[in-house]
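Undergrad: Submitted below is the structure of interest, expressed as structure tokens.
Laboratory data are not the source of any read-out in this text; all were calculated from the coordinates shown. Just so it is clear, the structure is predicted and the values come from calculations on it, not from any experiment. For neighbour counting, all protein chains shown are included, and Cβ atoms are generated from backbone atoms with ideal geometry for every residue, glycine included.
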Amino acid sequence: MSEELEKLKIENEELKKQNSVKSDLISISAHQLRTSLSALKWILKMFLDKDIGPITNEQESFINKAYISNERMIALVNDMLTLNHAEEIALSFKFEKVDLVKLVEEITFEFSGESSKKHIELIFLRPDADVLEISCDREMIRVVFQNLIENAMKYSNDGDKVILSMQQRNDNVEISVRDTGIGITDDEKSKIFEKFFRADNAKEKDPVGSGLGLFTSKNIVEHHKGKIWFDSNEKSGTTFYLSLPILKASDTI
Amino acid sequence: MSKILVVEDDSFLQGLEVGKLKKEGYDVITASTGKEALEKIKEDGIDLILLDLVLPNFDGFEVLKEIRENEKTKKTPVLVFSNLSEEKDIKKAEDLKANDFMVKSNFTIDELAQKIKAILG
């Protein structure tokens, strides 16, 4: 029995080592990619700003497409690094007591600049009753909220509201992020959490995006033994729900 | 005329940065390796340092450490301009008293120039 255990331990160490080689490789190549992507971005922007001289409308429209395509690639690299980072630290999630109300207040505050720029009102409806602190990895849960809020704003229309609410339900804290944006079509509902998936209307509304945000969020939430789901109607908007268990730190690993 | 030291090992990117900053009216000096950067910071009158992190021989963190220990540059604003973006890298740069941290691919060269203008006032 102890021999078996020993063998498992060795195998586990070996897997961890392999995983770390893999994430180093991703990290190095992503950073190298960024160098070329930056050069492209800067030069295309110089053309678009006519820094290099006048261009025809047709040229401008093509260069603009190239610029957007490059922006997509940059977003993809950024998300790949986030995902890599998330996978890396998933092996050692740092659980701590977190006051979710405070965390969500912080995050909505951080988004205030962007929301006013996009003429979207971001509202956090604080819970009526006290919400117990939960045990979670603060930075990872922050990533989840950022993804959900970013999406909600991205797929909303000018002048819309994005509303966050929170309440405690038995042993869980439930949070919702509601928008009145473009919604998700019935055909695409089942694919929304898939890696690299982007809905057609989402691509149309915003060509920049990698399709990793919700995939990453789901992974993180599931590492917390939580749940993420949504309700959506095409054209009338989407509400994402998040439920995180109130656990003792010792229960989670 | 404000003087800027541009530390960047990729010659193509360096060329674009230098071109833009000269056009904006700055006096620009450059370094392409960590070692060269350590030499250049001994020059007089540098008003701002644009610093890449991944560099041959001495990396940007080592250069930053020396910048903060060097009498002439210890109070000079340092704008880290890198393709690294992990929290541990940002924290390390902050601990070494970098004034700002920008990820290259997330900004255009114009936005970089605006940032520099804001710092130099």
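Undergrad: Please report Rg over Rh for the range A:119-196, where both radii come from the alpha carbon positions and Rh follows the Kirkwood definition. Let's see the in-between values first.
TA: Numbers: Rg = 14.4 Å, Rh = 14.3 Å.
Answer for the range A:119-196: 1.00.
Undergrad: Work out which trypsin sites (Lys or Arg not before Pro) in chain A are exposed loop sites (DSSP not H, G, I, E or B, at most 15 other Cβ within 10 Å) and give the longest gap free of them. It would help to have the intermediate numbers written out before the result.
TA: Details: sites that count: A:LYS50, A:LYS94, A:LYS195, A:LYS225, A:LYS235, A:LYS248.
Between exposed loop sites, the widest span is A:95-194.
Undergrad: Also: Regarding chain A, what's the average projected area of the Cα-atom convex hull, expressed in nm²? Present the calculation step by step, with values, prior to reporting the outcome.
TA: Values: hull surface 69.3 nm².
If you wrap the Cα atoms of chain A in a convex hull and average its projections, you get 17.3 nm².
Undergrad: For chain B, what does the alpha-carbon gyration tensor say about shape, rounded, prolate or oblate, given a ≥ b ≥ c as the root eigenvalues, a/c under 1.5 as rounded, and a/b over b/c as prolate?
TA: Values: a/c = 1.31, a/b = 1.10, b/c = 1.19.
The shape class here is rounded.
Undergrad: Among B:ILE46, B:ILE109, B:ILE67, which one shows the highest mean-square fluctuation when chain B is modelled as a Gaussian network with alpha-carbon springs under 10 Å?
TA: So, out of B:ILE46, B:ILE109, B:ILE67, the one fluctuating most is B:ILE109.
Undergrad: Among A:ASP231, A:ASP51, A:ASP158, which one moves the most in a GNM of chain A with springs linking Cα atoms closer than 10 Å?
TA: Its mean-square fluctuation being the largest, the pick is A:ASP51.
Undergrad: May I ask for the net charge around B:GLU17, where only other residues with Cβ less than 10 Å from the Cβ of B:GLU17 are counted and Lys, Arg are +1 while Asp, Glu are -1?
TA: Taking every Cβ under 10 Å from that of B:GLU17, the sum is 0.
Undergrad: Here is a further query. Run lengths n ≥ 4 of DSSP H only: what is the helix-derived mean residue ellipticity at 222 nm for the protein assembly as shown, with -39500 (n - 2.57) per run over all residues, to the nearest 500?
TA: Numbers: 13 runs with 187 residues, N = 374.
When only DSSP H runs of four or more count, the value is -16000 deg cm²/dmol.
Undergrad: If you don't mind, there's one more thing I want to ask. Within a 10 angstrom radius of the beta carbon, how do B:LEU55, B:LEU16, B:LEU120 rank from fewest other beta carbons to most? Mind dumping the intermediate values first?
TA: Details: B:LEU55 23, B:LEU16 19, B:LEU120 12.
Ranking B:LEU55, B:LEU16, B:LEU120 by Cβ neighbours within 10 Å, fewest first, gives B:LEU120, B:LEU16, B:LEU55.
Undergrad: Distance check, please: which entries in A:LYS22/A:LYS65; A:LYS41/B:LYS42; B:LYS74/B:LYS104; A:LYS102/A:LYS191; A:LYS97/A:LYS205; A:LYS118/B:LYS115 exceed 28 angstrom between their Cα atoms?
TA: Values: A:LYS22/A:LYS65 33 Å; A:LYS41/B:LYS42 33 Å; B:LYS74/B:LYS104 24 Å; A:LYS102/A:LYS191 32 Å; A:LYS97/A:LYS205 38 Å; A:LYS118/B:LYS115 22 Å.
Correct reply: A:LYS22/A:LYS65; A:LYS41/B:LYS42; A:LYS102/A:LYS191; A:LYS97/A:LYS205.
Undergrad: Using alpha carbon coordinates only, what is the Rg to Rh ratio of the range A:113-253, with Rh defined as the Kirkwood radius? Could you put the intermediate results ahead of the total?
TA: On the way: Rg = 15.2 Å, Rh = 15.7 Å.
Rg/Rh for the range A:113-253 comes to 0.97.
Undergrad: Then there is this: Taking beta carbons within 10 Å but only from partner chains, what does the mean come to for residues B:108-121?
TA: Details: counts 9, 8, 5, 2, 1, 0, 0, 0, 0, 0, 0, 0, 0, 0.
So the per-residue partner count for this stretch is 2.
Undergrad: Principal axis extents for the range A:65-178, Cα atoms only, whole Å, descending order, please.
TA: Answer, in whole Å and largest first: 50, 40, 20 Å.
Undergrad: Tell me the trypsin sites (Lys or Arg not before Pro) within the range B:51-85 that lie in a loop according to DSSP and have at most 12 other beta-carbon atoms within 10 Å. Intermediate results must be reported in sequence, preceding the final value.
TA: On the way: sites: B:LYS65, B:ARG68, B:LYS72, B:LYS74, B:LYS75; in loops: B:LYS72, B:LYS74, B:LYS75.
Here the trypsin sites (Lys or Arg not before Pro) that fit, given the DSSP loop and packing criteria, are B:LYS74, B:LYS75.
Undergrad: At A:SER69 and A:SER36, where each label point lies 7 Å from the Cα along Cα→Cβ, what is the point-to-point distance in nanometres?
TA: Between A:SER69 and A:SER36, the simple spin-label model gives 1.4 nm.
Undergrad: Return P(r) of the range A:2-90 (all Cα-Cα pairs; 10 Å bins starting at 0; whole %; ordered from short to long distances).
TA: Per 10 Å bin, starting at zero, the Cα-Cα P(r) for the range A:2-90 comes out as 15, 30, 21, 15, 10, 6, 3, 1 percent.
Undergrad: A further question follows. May I ask you to list, by number, the DSSP H helices of chain A whose Cα span along the axis is at least 18 Å and whose average Kyte-Doolittle hydropathy reaches -1.0 or more? Walk me through the numbers on the way to the answer.
TA: On the way: long enough: A:2-48 (67 Å, -0.34); A:57-90 (48 Å, -0.29); A:138-154 (23 Å, -0.05).
Span-like helices in chain A: A:2-48, A:57-90, A:138-154.
Undergrad: Moving on to the next point. What does the structure give for A:28-35 when I average, per residue, the other chain Cβ atoms found within 10 Å of the residue Cβ?
TA: Working: counts 1, 0, 4, 11, 2, 2, 8, 10.
Mean partner-chain Cβ count within 10 Å for A:28-35: 5.
Undergrad: Using modelled backbone amide H atoms (1.01 Å from N, in-plane), which distant-in-sequence or interchain residues come within less than 5 Å of A:ASN172's amide H?
TA: Result for A:ASN172 returns A:ILE246.
Undergrad: Now a separate question. What residues have an amide H closer than 5 Å to that of A:LEU122, excluding those fewer than 5 places away on the same chain, when H is modeled at 1.01 Å from N in the peptide plane?
TA: Result for A:LEU122 returns A:VAL162.
Undergrad: Additional query: Just to check I understand the Karplus step: with θ = phi - 60° and J = 6.51 cos²θ - 1.76 cosθ + 1.60, what whole-Hz values come out for the range B:77-83, glycine and proline as x?
TA: These are the phi-based 3J(HN,Hα) values: x, 10, 9, 6, 10, 9, 9 Hz.
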